[in-house]
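Written below as C-alpha cells is the structure these notes are about.
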Amino acid sequence: KQEVTQIPAALSVPEGENLVLNCSFTDSAIYNLQWFRQDPGKGLTSLLLIQSSQREQTSGRLNASLDKSSGRSTLYIAASQPGDSATYLCAVPSSNSGYSTLTFGKGTMLLVSP
Amino acid sequence: EADIYQTPRYLVIGTGKKITLECSQTMGHDKMYWYQQDPGMELHLIHYSYGVNSTEKGDLSSESTVSRIRTEHFPLTLESARPSHTSQYLCASSDPSLYGYTFGSGTRLTVV
C-alpha cells in the first residue's frame, strides 16, 4: 500500500528565507510525482509535476526534485514571501488502485511572516 | 476557460435529508474523483470514475453514492445525511495518466 509522509508538518519562517519541504513514499514504482498548494478552506492547486524520468522541475521560485530509487522528493522555495503561506502537499500514483489515482501526504503547513 | 465547478459552496442541512453535491468540469477529462477532507486533516479518496458509466469506491468507506452519466458531470449523493458527514468535499478531474489534475473549490457541508 502506497504511503506518503511529509516532513515537517508545520514550518514558520521570516520573509526572504529559502526553505525545503520533504516528501517520502513507500512504493517507488511511480511514473510521476506532483506537488500541490492548498489555501485554507479552498481546493488544491497543482504547482509542479515531475515525471519519473526527470530529476528536477522548476517553476519560478519553486524547484522540485525527485529521487525515485530512494522514494524521496523535495520542494525548494527560494526567497519566501508571505503570499507563500499555505499547506503544501505531495502526491504520487497509488498502488492501491493500480496507479490510477493519487495518494496524498498530510501536507506541510507553511507560514511566512513579514 | 477550462475549469471545474462545485456547487453549493456551503451547505447546512438537517439530519436525515437527502443531498446531492454537484461537480462539473469543462476540460473533457475522462477521470473524476471525490475526496473528503476534515479541517486540518489529510484528503481521503471516497469515489472515482474512469469515464461514463464507470464508478469505483476509494480508500475511505463512505455512505455516499456517485453517478457518471455524462463526461463532464460527477454528482455525489447522500441519501440520509448525518452529523458524521460534516466535512469538506472536494471534486477533481484529470486525464488518464493523472496529468492536469484539477480541483474544484470544494463544498463545505454541515449536518445539524
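The values are calculated or read from the model by the stated rules, or taken from the named source; none is laboratory data. Owing to the predicted nature of the structure, the values given are computational and were not obtained by experimental measurement. Cβ: placed from backbone, ideal geometry, glycine included. Neighbour counts: every protein chain shown. Please note that ligands, DNA and RNA were not included when accessible areas were found on the heavy atoms of the full protein model with its side chains. Shrake-Rupley method; radii C 1.70, N 1.55, O 1.52, S 1.80 Å.
Data table
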read-out	value
Condition met for B:LEU45 (over 12 Å from the mean Cα position of the chain (by Cα) and open to solvent by less than 70 Å² (accessible area, probe 1.4 Å))	no
Pairs, first more than 23 Å from A:SER113 (Cβ to Cβ) in the stretch A:71-82, second loosely packed, with under 13 Cβ neighbours inside 10 Å, C-beta under 8 Å, six or more apart	A:SER73/A:ASP67
The stretch B:96-112, residues that are surrounded by 14 or more Cβ atoms within 10 Å (Cβ to Cβ) and farther than 24 Å from A:ASP39 by Cα	none
Residue in the stretch A:43-63 that is more than 20 Å from B:LEU90 (Cβ to Cβ), within 16 Å of the chain's Cα centre (by Cα) and touching a residue at least 24 places away in the same chain (Cβ under 8 Å) present	yes
Enumeration of residues in the stretch B:23-42 that are surrounded by fewer than 14 Cβ atoms within 10 Å (Cβ to Cβ) and more than 20 Å from B:ASP95 (Cα to Cα)	B:ASP38, B:PRO39, B:GLY40, B:MET41
Extreme residue, surrounded by the most Cβ atoms within 10 Å (Cβ to Cβ), among residues of the stretch A:21-33 that are polar (S, T, N, Q) and modelled with pLDDT under 95	A:ASN32
All strands (runs of 3 or more DSSP E) inside the stretch B:11-66 with 1 or more residues being facing another protein chain (nearest Cβ under 9 Å) and within 17 Å of B:GLN88 (Cα to Cα)	B:31-37, B:43-49
Residue within the stretch A:6-20 that is surrounded by fewer than 20 Cβ atoms within 10 Å (Cβ to Cβ) and either of a type in the set (Asp, Glu) or touching a Cys at 6+ places or on another chain (Cβ under 7 Å) (or both) present	yes
The stretch A:83-103 - residue that is open to solvent by 10 Å² or more (accessible area, probe 1.4 Å) and in contact (Cβ under 8 Å) with a residue 60 or more places away in the chain and, of those, nearest to the other protein chains (Cβ to nearest Cβ)	A:ASN96
In the stretch B:67-94, residue surrounded by the fewest Cβ atoms within 10 Å (Cβ to Cβ) [restricted to those that are more than 14 Å from chain A (Cβ to nearest Cβ) and touching a residue at least 60 places away in the same chain (Cβ under 8 Å)]	B:PRO83
